[in-house]
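Q: The structure is given below, and queries will be raised subsequently.
The values are calculated or read from the model by the stated rules, or taken from the named source; none is laboratory data. Model, not experiment: these values are computed from the prediction. All Cβ positions, even for glycine, are placed from backbone atoms using ideal geometry, and neighbour counts span all protein chains on display. The area values use the complete protein model at the heavy-atom level, side chains included, leaving out ligands, DNA and RNA. Shrake-Rupley method; radii C 1.70, N 1.55, O 1.52, S 1.80 Å.
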Amino acid sequence: KATAEENLQAEKEKKSGTTKELMATLEYIQSLHGECDWLIQNYAARKEARAGEMESLTQAKAVLNGADFALVQRRSSHRAGFLRPQA
């Protein structure tokens, strides 16, 4: 009888642990639903923002391709050769 009671107690503890794990999993799934809902609701705004970022990057690239590098500092008293490969 003592062994049966010990087994019962062990199973109750195991069930308690499993129940806690289940609750944590359900909470995590609920948080995922919230995140997914937010992503779906804000998809259009995010898509527009990404398009604006792409346009800005394209413009920046064009500026860099036509940029005048005459003002680039070639030597620095603190870190000579930082931007140039060493000869």
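Q: Test residue 46 against the criterion of being in a helix (DSSP H, G or I), touching a helix residue (DSSP H, G or I) at 6+ places or on another chain (Cβ under 9 Å) and at pLDDT 90 or above, and give yes or no.
A: yes
Conditions (1) open to solvent by 70 Å² or more (accessible area, probe 1.4 Å); (2) within 31 Å of the chain's Cα centre (by Cα), marked per residue:
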residue	(1), (2)
8	yes, no
16	no, no
20	yes, yes
32	no, yes
38	yes, yes
54	yes, yes
